[in-house]
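Structure, as structure tokens:
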Amino acid sequence: MLTHQTVERLRQMRLWGMADAFLAQLEQPDVTALSFEDRLGLLVDQEVSFRDNRRLKRLLKEAKLRQQACLEDIDFSVGRGLARQLLRSLGTGLWVTNHQNVLVTGPTGVGKTYVSCALANAACRQGFSSRYYRMPRLLTDIAVSRGDGSYTRLLRWLSKVDVLVLDDWGLTPLTATDGRELLEVIDDRCQAKSTVVTSQVPVDQWHAAISDPSVADAILDRLVHNAHRIELRGESMRRVKNRPAAQEEH
């Protein structure tokens, strides 16, 4: 009866991991050989792991990443201009702590989205919040928020996300209105949060893709000056992976 009450009280205090670990200990006959301090330490460790896993699950769900990507799974066997040392450095998360940006450019299919999602995934595993957006969807959400009165709330939320991924930058030129809206987002995040941008367009051509030159200057100044650059090259990874093995041998 005492055991049942203990478990129930642990759950009432939302110590779910500790409650499950306590029940698991009761099913292990050799656990009595451990000291009270050791058993308590195991219970605490299980609670910490439970909370970490729950938080990671929540962060990944809120990130809405387009791909389930991990830095550890990136393929370096194909020459795409990926630098192991740079990705290893980014994997530490210091770029997020230091509020730096990452710009990923290259032709279609070389893995820009995968790399950006892998960086966001790594950030989530380190406890940072992330959010993936394709540029057209972000601009649509901003326009809708203007109409339904949630604009200020959306901007406030975007300003607080630790890692914001903006995919497909520059696919279509930004209108003057879109440029100003994007500047609001970027300005709120400048030197306070980190932004990952992927684009088929080289960085030196981004200015021309924003119709208002003064807005283009302001956006690029805030994005580029403290950014790590990953410039991918080569053919589409989809084509490489679908290539018959016999063809690769020749």
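Annotations for the structure displayed:
- Helical runs assigned H by DSSP (4 residues or longer) give the chain a calculated mean residue ellipticity at 222 nm of -16500 deg cm²/dmol, each run adding -39500 (n - 2.57) before division by the residue total.
- The smallest convex shape that holds all Cα atoms of the chain, its convex hull, gives 197 Å³ per residue.
- Over region 75-223, relative contact order from alpha-carbon pairs under 8 Å, at least 6 apart, %: 29
- Rounded tilt (10° steps) of 16-26 against the dominant C-alpha axis of the chain: 40
- Using a Förster distance of 41 Å, the FRET efficiency for ASN226-ASP45 (Cβ separation, nearest 0.05): 0.60
- The slack between GLN67 and ASP52, meaning 0.36 nm per residue of separation minus the straight C-alpha distance, is 3.2 nm.
- By average C-beta atoms within 10 angstrom, highest first, the peptides 55-67, 114-126, 23-35: 114-126, 55-67, 23-35
- Where a label projected 7 Å from the Cα of GLU184 along Cα→Cβ would reach, residues of region 143-177 with amide N under 13 Å: 143-159, 177
- If you plug the beta carbon distance of SER214 and LYS160 into 1/(1 + (r/R0)^6) with R0 = 30 Å, you get a FRET efficiency near 0.65.
- Taking a straight Cα-Cα cut-off under 25 Å and skipping sequence neighbours fewer than 8 places away in the same chain, the lysines within cross-link reach of LYS193 are LYS57, LYS61, LYS64, LYS112, LYS160.
- Here the Kirkwood formula puts the hydrodynamic radius of region 1-141 at 18.4 Å, using every distinct Cα pair.
- Intensity falloff of region 2-62 expressed as log10 I(q)/I(0), Debye formula with alpha-carbon point scatterers, at q = 0.30 Å⁻¹: -1.23
- Farthest toward positive dipole pole in the chain [+1 Lys/Arg, -1 Asp/Glu at C-beta], among SER77, THR152, PHE22: THR152
- Remark on ILE210: its backbone amide H falls under 5 Å from those of LEU174, a criterion applied only to residues 5 or more positions apart or on other chains, H modelled at 1.01 Å from N.
- Modelled label positions at ASP148 and LEU171, each set 7 Å beyond Cα in the direction of Cβ, lie 2.2 nm from each other.
- Protection proxy ranking, peptides 6-14, 199-207, average beta carbon neighbours within 10 Å, highest first: 199-207, 6-14
- Distance distribution note for region 83-195: the fraction of Cα pairs above 21 angstrom is 38%.
Rule-based calculations on the coordinates, nothing more; no lab input. From a predicted model like this one, the values you see are computed outputs, not experimental measurements. We place every Cβ from the backbone using ideal geometry, glycine too, and count neighbours over all the protein chains shown.
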